[in-house]
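For reference, the structure discussed in these notes is given below.
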Amino acid sequence: MVARSRGVFLLLMLLAALWPPVSAQTEQTITIRMLDTRTGLLIASSNYLVRVNHQSEEHGDWVKKNEDGSGSLTLPAEADVLTVHATYESATLTYVNCDSDKDRGSADHAPSPVHWYPVAAILSTGVVAPNNCVGRKIPEKLQVVAKPGEYVFFVRPMNSREHFFN
């Protein structure tokens with residue numbers, strides 16, 4: 001009886017060792033590029049504010065600055081959608097994201113809506129957020145393509161009216 005129990009135990013241990021891990025959740029890494037809406041040049045920043053899954057909590061420590069000025073964003077496995085903003089001038093002001101610049105309410109000080117982007121789409125094909133800070137005809141230098149695993153968005157500094165109401 002003891003020998004049989006030991007055999008069953010050894011068999012179970014062997015199966016457990018060979019069994020694939022139960023959906024081991026891993027972090028997801030995305031490269032983010034923040035571009036100036038007028039020049040199309042990369043704005044190297046380490047002051048990113050990341051939100052996931054429509055939550056209000058901002059994560060300023062999830063992005064590490066790469067040598068080329070882009071950012072490496074590490075997301076938890078359960079992140080389905082994200083939005084990214086960034087600050088400037090010693091983190092006292094927030095850039096205006098150009099994907100929502102034209103979506104504001106009628107009052108100049110009305111907040112712009114937040115646009116959320118699917119993490120799966122960013123990882124599989126890459127995503128370039130719309131650049132609504134420029135006119136209808138987008139200059140050649142602002143036509144950007146994202147690689148799989150890359151999220152690109154355009155920003156501009158706040159104007160004087162936005163400074164006043166911020």
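Phi angles across the stretch 83-90 convert, under the Karplus curve 6.51 cos²θ - 1.76 cosθ + 1.60 with θ = phi - 60°, into 3J(HN,Hα) values of 9, 10, 10, 9, 10, 8, 6, 6 Hz, Gly and Pro given as x. If both residues of a DSSP beta bridge must be in the stretch 23-165, then about 70% of such bridges are antiparallel.
In this rough spin-label picture, where each label sits 7 Å from Cα along the Cβ direction, the N66-Q143 distance is 2.3 nm.
Viscosity 1.306 mPa s, temperature 10 °C: give me the Stokes-Einstein translational D for the stretch 23-165 in µm²/s, with Rh taken as the Kirkwood radius over C-alpha pairs. Please report the intermediate quantities before stating the final value.
Numbers: Rh = 15.7 Å.
Answer from the Stokes-Einstein relation: 101 µm²/s.
For the stretch 58-64, backbone phi angles converted through the Karplus equation (6.51, -1.76, 1.60; θ = phi - 60°) give residue-by-residue couplings of 9, 10, x, 10, 8, 10, 10 Hz, Gly and Pro being listed as x.
Coordinate-derived values only; no laboratory data. Only a predicted model underlies this, so the values are computations on that prediction, with no experimental measurement involved. Virtual Cβ from ideal backbone geometry, glycine too; neighbours counted across all protein chains shown.
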